[in-house]
Amino acid sequence: MSHSSQDVNQQLVDQYTQIAQLAGGLAHEIKNPLSTIRLNMELLVEELGDAASPHDRRALAKVEVMQRECQRLQDLLDDFLNFAKVRTVDRVPTDLNQQIEQVLAFYEPQAAEAGIEVIQYLDPELPRVELDPETFHRALLNLVLNAQQAMPGGGQLVVRTTEDGAHAVLYLIDTGCGMDPRTASRIFDTFFSTKSGGSGLGLPTTKKIIEAHGGEILVESAVGRGTKFTIRLPVPPRITGPSAARDREL
C-alpha cells in the first residue's frame, strides 16, 4: 500500500474516531436532561396517583405515555453508547465452549419460560481462542435473545462449535420465523430493525464486537424455516518446536 493510501486510511480512521467521540458526548448530554424529565414524570405520577376526576385520570394517562417514551429514549441512548464505545477489546486466551456454557446457563430460566429447547454440540477438542469475556458474553447473549424473539411460540436453538482450519467456529441455529433475503442482508445495518420499538443497534453492536476480536459473523435464513448465525474466530498459532514436541510426548 502506498504512503498516500495509508494517509487517507488514517484520516478516515481519525475522522470516524472524532465523529464517534462527538456522538458519544452528545448522547451523554442528552441523558442528563432526560434523567431530569423522567424524575419529574415520576413525581407527577405520584401526585396524580389517586386521581379521582376524569380530568386527572386523563392527565395521568398522558404522563404515563410520556414516561414510556422517555424510557424508550433512555434505552436507545444506552444501546447507542454501547455501540459507539466498542473499538478495541482486551483479549485473553479463553475456552470458547466454557464461555458459551456460561451464557446458556444464564439464559436457561428464560429459555424454559419461552418454551425454547437449547441443544448443545460443543467440540471437546476445540482450541482456545483470544476473547474479551465481558464483551463477547454480551454479543453472544444478544444473539441468543434475538433467536428467542424469532420464536415467539417456542422452538429449538442449536448451539454447535467446531474447528475449521485456523478458526474456531460457532453456529447458532434457530427454528424461528426466518427472514427474507432483503431483511437478512440488512440486519447488521445500524438503526435497521424489524421489531416495533427496537433500536436497530443490537446486531450491529454484536458484529462490531466479533470484528474487534478479529472474527466475522455471517447469517443464513429462510422464511418459515429459521436462521443460522455463524461466528468464525481466529485461533492463535500453535507453539511449535522442541518444547511443543516434548509436551505432546507427555
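Sort out which residues of the range 146-157 are free of Cβ contacts under 8 Å to residues at least 40 places away in the same chain and either under 17 Å from the mean Cα position of the chain (by Cα) or surrounded by 15 or more Cβ atoms within 10 Å (Cβ to Cβ) (or both), and write them in order of number. Can you show your working first?
Pass one, the range 146-157, residues free of Cβ contacts under 8 Å to residues at least 40 places away in the same chain: 148, 151-153.
Matches in the range 146-157: Gln148, Met151.
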Fill in the blank from the handout: Note: among Ala111, Ala105, Ala61, just one is touching a strand residue (DSSP E or B) at 6+ places or on another chain (Cβ under 6 Å), more than 24 Å from Lys208 (Cα to Cα) and modelled with pLDDT of 80 or more, namely Ala111
Problem - Close pairs from the range 26-52: first among the polar types (S, T, N, Q), partner outside any loop (DSSP other than H, G, I, E, B) and modelled with pLDDT under 80, Cβ under 9 Å, at least 6 apart - result: Ser35/Gln74
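Can you pull out every residue in the range 86-95 that is within 15 Å of the chain's Cα centre (by Cα) and modelled with pLDDT of 65 or more?
If we filter the range 86-95 for residues that are within 15 Å of the chain's Cα centre (by Cα), which is where we start, we get 86-87, 89.
Selection gives Val89 alone.
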Exercise for the section: Select from the range 199-222 the residues that are out of contact with any Ser or Thr (no Cβ under 9 Å at 6 or more places or on another chain) and not in a helix (DSSP H, G or I) and list them in ascending order. Expected result: Gly214, Gly215, Ala222
Problem - the range 112-145, residues that are in contact with a Leu (Cβ under 9 Å, 6 or more places away or on another chain), buried (at least 19 other Cβ atoms within 10 Å of the Cβ) and either among the β-branched types (Val, Ile, Thr) or assigned to a helix (DSSP H, G or I) (or both) - result: Ile116, Val129, Phe136, Leu140, Leu143, Val144
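The values are calculated or read from the model by the stated rules, or taken from the named source; none is laboratory data. The structure presented is a predicted model; accordingly, all values stated were derived computationally and were not measured. Cβ coordinates were reconstructed from backbone atoms using ideal geometry, including for glycine residues, and neighbour counts include every protein chain displayed.
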